[in-house]
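J.: My questions will all concern the structure given below.
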């Protein structure tokens, strides 16, 4: 048995954090990590099932691994492997199919890993998912995706995540602080708090997300804390005020809206209305005028008529947000939304997606224009293009300057001076 392993990760930041932790399992057993496009003895595919396209990419990754090395051991794990394991058992050459709740079992499997004639299936019913798989990614050693929570109790009408990852659960604050301190000791300056529903943190330990944030800000050496997506109904005024008061927490919010129509929000079982959502945006702007606010939208949901989509357009145009990330709706088997009518055809989805893209470009440009002349702190990353180094401000503006190796993983005060291109801004040091 050789000792090269390659990883392919689809989907969310949470998956990337978990893949990073799985890679450490292999490293401890003496494996060398290589790129997925290279020849490897073991291929691990961490799948996603948010859309039909994600499913397709997961299956394609299996084919690519088999083509690169027909004798390789192939492990499929993650949400798609959990929800539809039969899609993988029907593919010749997959040795292990490991569900979303059982990724930590890969550490044991590695010790006696071998090629199988038939797939070994290791999954747990979503009703029985109670364990928490601690994980963090280290990437370029400047930022870390830090998993604090898993699962979801919401069961929105379009979503399979509760079936793929189970109910909401989390590690204790005490244990997370130990892990965060270890990350800081590695010289990593920024952590991004990730999970399925991070605002729901604390259900399984009788704690709160606010309490966790307060505890993280006290860690020496940890200089930046960034939030990933947080539900609007769980983004409390106290959390917003804490972000405004504490310079360690970045003024950067990503808030899923999904629809700007109250009728649609009720239909898809979201836990807020447009009035609540607007108040959250206004609260952020009142306390943090320069904060980056990104929102999520799903376009072309079953049941989304032209009139309801027009409501969404009018609503998002009225919001002072910085960016709109949209998804074209993809039917997920077993979810209530599959039965909603009228169904939206692909052409209409494409046109609606184009409309949202254009609005987002305008919103983002308006946000960037307002930042010219403002002062920020930037964490520079190791990514380089020609003679240029890149970094992100506290409020998530991508910036560029002349490459200097000594800037990597340092935090510098800068002033935004203009544009490099539509995605990147220029700076001067102050």
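J.: If a residue has to be under 16 Å from residue 25 (Cα atoms) and without any contact (Cβ under 8 Å) to a residue 12 or more places away in the chain to count, how many in the range 95-152 make the cut?
T.: Within the range 95-152, residues that are under 16 Å from residue 25 (Cα atoms) and without any contact (Cβ under 8 Å) to a residue 12 or more places away in the chain number 2.
J.: Right, something else. Of 424, 374, 393, which residue is surrounded by 13 or more Cβ atoms within 10 Å (Cβ to Cβ) and over 24 Å from the mean Cα position of the chain (by Cα)?
T.: When all the criteria are applied, what remains is 374.
J.: Sort through 275, 302 and tell me the only one that's modelled with pLDDT of 95 or more, part of a loop (DSSP other than H, G, I, E, B) and either surrounded by fewer than 21 Cβ atoms within 10 Å (Cβ to Cβ) or not assigned by TED's automatic domain parsing to the domain that holds residue 320 (or both).
T.: Being modelled with pLDDT of 95 or more, part of a loop (DSSP other than H, G, I, E, B) and either surrounded by fewer than 21 Cβ atoms within 10 Å (Cβ to Cβ) or not assigned by TED's automatic domain parsing to the domain that holds residue 320 (or both) holds for just one of 275, 302, which is 302.
J.: Got at least one residue in the range 63-73 being under 17 Å from residue 122 (Cα atoms) and either out of contact with any strand residue (DSSP E or B) (no Cβ under 6 Å at 6 or more places or on another chain) or surrounded by 15 or more Cβ atoms within 10 Å (Cβ to Cβ) (or both)? Steps first, please.
T.: Taking the range 63-73 as the starting set, the residues that turn out to be under 17 Å from residue 122 (Cα atoms) are 73.
Right, trim to either out of contact with any strand residue (DSSP E or B) (no Cβ under 6 Å at 6 or more places or on another chain) or surrounded by 15 or more Cβ atoms within 10 Å (Cβ to Cβ) (or both) and you get 73.
Among the residues of the range 63-73, at least one is under 17 Å from residue 122 (Cα atoms) and either out of contact with any strand residue (DSSP E or B) (no Cβ under 6 Å at 6 or more places or on another chain) or surrounded by 15 or more Cβ atoms within 10 Å (Cβ to Cβ) (or both), which makes the answer yes.
J.: Another question, then. Given the conditions (1) closer than 23 Å to residue 156 by Cβ; (2) surrounded by 12 or more Cβ atoms within 10 Å (Cβ to Cβ), which single one is not true for residue 345?
T.: So residue 345 meets the others, but not (2).
J.: Here is a follow-up. On the basis of being in the same structural domain as residue 120 (by TED's automatic domain parsing), part of a loop (DSSP other than H, G, I, E, B) and either touching a strand residue (DSSP E or B) at 6+ places or on another chain (Cβ under 9 Å) or surrounded by fewer than 17 Cβ atoms within 10 Å (Cβ to Cβ) (or both), does residue 92 make the cut?
T.: yes
J.: Please return the ranges of helices (runs of 4 or more DSSP H) entirely within the range 164-263 where 1 or more residues are surrounded by fewer than 18 Cβ atoms within 10 Å (Cβ to Cβ) and free of Cβ contacts under 8 Å to residues at least 24 places away in the same chain. Walk me through how you get there before you give the answer.
T.: Values: elements: 173-185, 209-216, 237-245.
In the range 164-263, 173-185, 237-245 are the helices (runs of 4 or more DSSP H) which contain 1 or more residues that are surrounded by fewer than 18 Cβ atoms within 10 Å (Cβ to Cβ) and free of Cβ contacts under 8 Å to residues at least 24 places away in the same chain.
J.: Just for the range 139-150: of the residues that are in a loop (DSSP other than H, G, I, E, B) and buried (at least 18 other Cβ atoms within 10 Å of the Cβ), which one is farthest from the chain's Cα centre (by Cα)? Spell out the reasoning first.
T.: First, pick out the residues of the range 139-150 that are in a loop (DSSP other than H, G, I, E, B): 139-142, 148.
Okay, now just the ones that are also buried (at least 18 other Cβ atoms within 10 Å of the Cβ), so 142, 148.
Numbers: 142: 17, 148: 12 Å.
Step by step, filter the range 139-150, then rank; the result is 142.
J.: Please count how many residues of the range 307-326 are under 25 Å from the mean Cα position of the chain (by Cα), surrounded by fewer than 18 Cβ atoms within 10 Å (Cβ to Cβ) and either at pLDDT below 95 or part of a loop (DSSP other than H, G, I, E, B) (or both).
T.: Of the residues in that region, 1 qualify.
J.: Looking at the range 32-81, which of its residues are assigned to a loop (DSSP other than H, G, I, E, B) and farther than 19 Å from residue 16 by Cα? Walk me through it before giving the result.
T.: From the range 32-81, those assigned to a loop (DSSP other than H, G, I, E, B) are 35-41, 48-51, 69-72; that's our starting set.
38, 39, 40, 41, 69, 70, 71, 72, listed by residue number.
J.: Determine whether residue 153 is outside any loop (DSSP other than H, G, I, E, B), surrounded by fewer than 16 Cβ atoms within 10 Å (Cβ to Cβ), at pLDDT 95 or above and assigned by TED's automatic domain parsing to the domain that holds residue 265.
T.: Considered against the rule, which asks whether it is outside any loop (DSSP other than H, G, I, E, B), surrounded by fewer than 16 Cβ atoms within 10 Å (Cβ to Cβ), at pLDDT 95 or above and assigned by TED's automatic domain parsing to the domain that holds residue 265, residue 153 comes out as no.
J.: Name every residue in the range 382-411 that is outside any strand (DSSP E or B) and within 24 Å of residue 323 (Cα to Cα), in order of residue number.
T.: Hits for the range 382-411 are 394, 395, 396, 397.
The values are calculated or read from the model by the stated rules, or taken from the named source; none is laboratory data. If you're wondering where the values come from, they're calculated on a predicted model, not measured in any experiment. Glycine gets a Cβ as well: all are built from the backbone with ideal geometry, and neighbour counts include every protein chain shown.
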